[in-house]
Amino acid sequence: MLVEGTRSGLFHCRRKSRTLNNKKVLNVCENSLRTLDLKLFPIIDDFEIIVTVKSNKIWGKHLFFYSAKQNEILTSFPWWDFVDQLLVGWDEHDILNGTMDRPFFDLEQGWHIIIFEKRDYMYILEGNEYHCEYNKIHTWYKVPREVYYEEWKSY
């Protein structure tokens, strides 16, 4: 299927969980980010931001973080309906970012995301239901800072 916005021209919906220390999920809260071994986060150097309809046109276009090399959606924003209309008024101050002490954090019914910058990388963690005691992160990776910001600026 051809989709606007991808450099490869293809959009695959395969999802897989990351492993870290032989565990399928990572337990983390915003206040425990400093305990993470950031060297273990896989680097995604072909990071792309895609705004497209995935399945149901009723909810409009959605935003996805994507890697053509890995042939997969890295992160989805399932509750950001009609995101193309939202992005119209955005500028560089609206780019999703934060620090370890004050990360970008968003959650909605059974989904949450944490994004923060550390040195030359943006770290992205996505999980299901958010509860500080047993928060489960199923996807985590890092993107070169310049690549991340350039992709956002293209919208």
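The values are calculated or read from the model by the stated rules, or taken from the named source; none is laboratory data. Owing to the predicted nature of the structure, the values given are computational and were not obtained by experimental measurement. Neighbour counts run over all protein chains shown; Cβ positions are idealised from the backbone, glycine included.
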message: If I filter segment 93-101 for residues that are at pLDDT below 85 and either crowded, with 16+ Cβ neighbours inside 10 Å or touching a Lys or Arg at 6+ places or on another chain (Cβ under 8 Å) (or both), do I get at least one hit?
response: no
message: Is it the case, given these coordinates, that PHE64 is of a type in the set (Phe, Trp, Tyr) and touching a Ser or Thr at 6+ places or on another chain (Cβ under 8 Å)?
response: yes
